[in-house]
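Read through the structure below, which is laid out as structure tokens, and then see the notes.
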Amino acid sequence: MDDTTLQLVLAALAFAVAGNIWLTLAVLRASRRERIAPTALVPGEPLPAVQARPLAGGARFQPGAAGQAAVLLFLASRCPKCAEKLAGIEQLLPLARDAGLALWLISEEPARRLRAFLPSSILREATARLTLRDYRCVNPLMSSPSYVFVNHEGTVEAAGLIGDEDWLALAEQLNAEPSQERAA
């Protein structure tokens, strides 16, 4: 065997060993992630600080930051139940704004897909995008259609699926506020 052939064989073996080590480490990282089961956000704990970018454009912001109570909604464009919830959410948006409650649709999906999914500009203006890593921080179970209620101190008050008891109580309260003001 000449020196050139031996060097090529050794180089090929070195690349094969490096590839094997890289694949082994990737499998170990993936298995470690699987062993650590995600846990839901706990009421009374601060909402993880993440930076979102409004779908309609503008500066990054921290959804659910201290200073204003907020509802973060998690919807997925490929979720049929999520599409069914859009009309109800669209009706709640101006009511929430009038009540001083920030209501944000939060997603990690591409902007193009979100624009196609959201039928109106009012929904698009209330939508913000996160990186997948940040999205998992505020929606660790990756559930949809779901919500997180955050108080004015940036603390999680409740989390669940849109349509559950807490969500219905919020919708009822927001729908009742204008009629209470008219009666007064």
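In the stretch 96-107 there is no residue that is open to solvent by 60 Å² or more (accessible area, probe 1.4 Å) and assigned to a loop (DSSP other than H, G, I, E, B). Of all residues in the stretch 98-110, those that are within 15 Å of Gly57 (Cα to Cα) and without any contact (Cβ under 8 Å) to a residue 12 or more places away in the chain have Cβ atoms under 9 Å from Cβ atoms of residues that are among the charged types (D, E, K, R) and open to solvent by 40 Å² or more (accessible area, probe 1.4 Å), 6 or more apart or on another chain, in Pro110/Arg129. Residue pairs whose Cβ atoms lie under 7 Å apart, sitting 6 or more positions apart in sequence or on different chains, and linking a residue in the stretch 118-143 that is under 21 Å from Pro80 (Cβ atoms) and open to solvent by 70 Å² or more (accessible area, probe 1.4 Å) to a partner that is part of a loop (DSSP other than H, G, I, E, B) and among the hydroxyl-bearing types (Ser, Thr, Tyr), do not occur here. Identify the residue in the stretch 128-158 that is under 15 Å from Arg53 (Cβ atoms) and part of a loop (DSSP other than H, G, I, E, B) and, among all such residues, is nearest to the chain's Cα centre (by Cα). Of everything passing the filter in the stretch 128-158, Leu130 is nearest to the chain's Cα centre (by Cα).
Evaluate the following for Gln68: is it of a type outside the set (Val, Ile, Thr), in contact (Cβ under 8 Å) with a residue 40 or more places away in the chain and within 17 Å of Leu174 (Cα to Cα)? So Gln68 fits the description; yes. Scanning the stretch 34-85 for residues that are buried (at least 17 other Cβ atoms within 10 Å of the Cβ) and assigned to a helix (DSSP H, G or I) turns up Cys82, Lys85. Residues in the stretch 100-125 that are under 19 Å from Ile162 (Cα atoms) and polar (S, T, N, Q): 1 in all.
The values are calculated or read from the model by the stated rules, or taken from the named source; none is laboratory data. Please read these numbers as outputs of a predicted model, since none were measured by experiment. Cβ coordinates were reconstructed from backbone atoms using ideal geometry, including for glycine residues, and neighbour counts include every protein chain displayed. Side chains are part of the model used for accessible areas, which takes the heavy atoms of the whole protein and leaves out ligands, DNA and RNA. Shrake-Rupley method; radii C 1.70, N 1.55, O 1.52, S 1.80 Å.
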